[in-house]
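The values are calculated or read from the model by the stated rules, or taken from the named source; none is laboratory data. The shown structure was predicted, so the numbers you read here are calculated from the model rather than taken from an experiment. Don't worry about glycine lacking a Cβ; one is built from the backbone with ideal geometry, like all the others, and counts go over all protein chains shown. The accessibility values were calculated without ligands, DNA or RNA, using every heavy atom of the protein model including side chains. Shrake-Rupley method; radii C 1.70, N 1.55, O 1.52, S 1.80 Å.
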Amino acid sequence: APRRSETEMRASSSADKSLDALLDTAYEAAENDPLHAVAAYREALRRYPDDSYIPYLIIELSTLYKRLGDYDAALALFDEALALPILAKNAAMAQEFERSRKSLAVVSHMLAARGTPTLPFGEVPKDLLAEADRHAEEPTI
């Protein structure tokens, strides 16, 4: 797939970029070139996993994945995030990520059951989102 190698090339061309530069790249690309933004966020996460901004980067990147309808990537990202030392140090943030992951897993499951597994998050019916949030609030057995 040529798109992937182009994305990889762009990410590798950002080899000398600071966290701020990578975040700027991601922010600027998010609207019109979301895959480029994903690559920049991924690069930032790979290079600066212990930075205090990383939890916010995770939120931005998960939002991008959801917008693209890539729920598997968003769920995997939350799993990855929850394993990061920076989140181990922030119980409240880790708890919020757990809740977000749980809600997203329900949304993903419901969309798959409806035959629309890659429906962009912005198009997900509000009642479905509300139901997913209710499920996420339930204590895990």
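What to note about this one:
- Scan the stretch 94-116 for residues that are assigned to a helix (DSSP H, G or I) and surrounded by fewer than 17 Cβ atoms within 10 Å (Cβ to Cβ) and the total you get is 7.
- The sole residue among Ser52, Ser62 that is hydroxyl-bearing (Ser, Thr, Tyr) and either surrounded by 17 or more Cβ atoms within 10 Å (Cβ to Cβ) or touching a strand residue (DSSP E or B) at 6+ places or on another chain (Cβ under 9 Å) (or both) is Ser62.
- The residue that is nearest to Leu61 (Cα to Cα), counting only those in the stretch 71-93 that are surrounded by 15 or more Cβ atoms within 10 Å (Cβ to Cβ) and of a type in the set (Gly, Ala, Ser), is Ala74.
- Residue in the stretch 117-131 that is modelled with pLDDT of 95 or more, open to solvent by 70 Å² or more (accessible area, probe 1.4 Å), of a type outside the set (Gly, Ala, Ser) and within 18 Å of the chain's Cα centre (by Cα) present: yes
- Failed condition for Pro139, given (1) surrounded by fewer than 10 Cβ atoms within 10 Å (Cβ to Cβ); (2) within 16 Å of the chain's Cα centre (by Cα): (2)
- Search result, residues across the stretch 38-89 that are over 25 Å from Val106 (Cβ atoms) and not in a helix (DSSP H, G or I): Tyr48, Pro49, Asp50, Asp51, Ser52, Tyr53, Lys89
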